[in-house]
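Visitor: Below: one structure in structure tokens.
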Amino acid sequence: MSEHVLVESFRLDHTKVRAPYVRLAGVKMTPKGDRIEKYDLRLGQPNQEILPPQAIHTLEHLLAGYLRSHIEGVVDLSPMGCRTGFYAVMLGEIGPERMLEAFRASLEDVVAFEGEIPGASELECGNYRNHDLTLAKDWARRVLDKGLIVQETIEIAS
């Protein structure tokens, strides 16, 4: 039996962070020397505010494009399994302040969005019926109204 690897997010003290926030969750260097930064883009307070599946799914579709239009280096944007936010994987040295500004601008775009959700057809999406634009816009507005911060990592005391 192999030993379980403790991932970074399991060492984060989820009772002490204050959402909504942007947090640099980790940095890796590739064998060729490329820098990869992983960001925690938290919308809801852990264990208190959970985004409905339809809201997080629609936010994922909208933010996937909007984030790329506000900042270079986006490799991936993925929803957290706990449904309190997203992980953004970035190529290059981005920095939390630049990430925060790009995330804020992307959320503003979500609030202003009208029309058909990108990639939300049976042909393009694995669960195309699971969307709610109104909920997604409400969550984006809620985050903007609360104000995004850069959250430092607070590890669980050992």
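Visitor: Which of (1) free of Cβ contacts under 8 Å to residues at least 12 places away in the same chain; (2) within 30 Å of Gly119 (Cα to Cα) is the odd one out, the single condition Met29 does not satisfy?
Guide: Checking Met29 against (1) free of Cβ contacts under 8 Å to residues at least 12 places away in the same chain; (2) within 30 Å of Gly119 (Cα to Cα), the one that fails is (2).
Visitor: Follow-up. Go through the range 143-158 and report how many residues are outside any loop (DSSP other than H, G, I, E, B) and either surrounded by 18 or more Cβ atoms within 10 Å (Cβ to Cβ) or free of Cβ contacts under 8 Å to residues at least 40 places away in the same chain (or both). Can you show your working first?
Guide: Of the residues in the range 143-158, the ones outside any loop (DSSP other than H, G, I, E, B) are 143-146, 149-150, 155.
Checking which are either surrounded by 18 or more Cβ atoms within 10 Å (Cβ to Cβ) or free of Cβ contacts under 8 Å to residues at least 40 places away in the same chain (or both) leaves us with 143, 145.
Residues that pass the stated criteria total 2.
Visitor: Tell me, yes or no, whether the range 120-135 has at least one residue that is crowded, with 16+ Cβ neighbours inside 10 Å and not in a loop (DSSP other than H, G, I, E, B).
Guide: Step one: list which residues in the range 120-135 are crowded, with 16+ Cβ neighbours inside 10 Å, which gives 120, 125, 131-133, 135.
Checking the rest, the ones that are also not in a loop (DSSP other than H, G, I, E, B) come to 133, 135.
Taking every residue of the range 120-135 in turn, at least one turns out to be crowded, with 16+ Cβ neighbours inside 10 Å and not in a loop (DSSP other than H, G, I, E, B).
Visitor: I've got another one for you. Does Glu60 fit the bill of being among the acidic types (Asp, Glu) and more than 14 Å from the chain's Cα centre (by Cα)? Talk me through it step by step, then tell me what you get.
Guide: Working: among the acidic types (Asp, Glu): yes; more than 14 Å from the chain's Cα centre (by Cα): no.
No; evaluated as a whole, the condition is false for this residue.
Visitor: Hey, among the residues in the range 87-99 that are in contact with a strand residue (DSSP E or B) (Cβ under 6 Å, 6 or more places away or on another chain) and assigned to a helix (DSSP H, G or I), which one's surrounded by the most Cβ atoms within 10 Å (Cβ to Cβ)?
Guide: Per the stated criteria, the residue is Met99.
Visitor: Restricting to the range 100-118, and then to whatever is at negative phi, free of Cβ contacts under 8 Å to residues at least 12 places away in the same chain and assigned to a loop (DSSP other than H, G, I, E, B), can you tell me which residue is surrounded by the most Cβ atoms within 10 Å (Cβ to Cβ)?
Guide: Looking only at the range 100-118, we keep the residues that are at negative phi, and these are 100-114, 116-118.
Applying the additional criterion that residues be free of Cβ contacts under 8 Å to residues at least 12 places away in the same chain yields 112, 114, 116.
Then keep just the ones that are assigned to a loop (DSSP other than H, G, I, E, B); that gives 114, 116.
On the way: Glu114: 6, Glu116: 10.
Among those that are at negative phi, free of Cβ contacts under 8 Å to residues at least 12 places away in the same chain and assigned to a loop (DSSP other than H, G, I, E, B), it is Glu116.
Every read-out reported here was derived from the displayed coordinates using simple, explicitly stated rules and does not represent laboratory data. All values derive from a computational prediction rather than experimental measurement. No Cβ is skipped: glycine too gets one built from the backbone with ideal geometry, and neighbour counts run over all protein chains shown.
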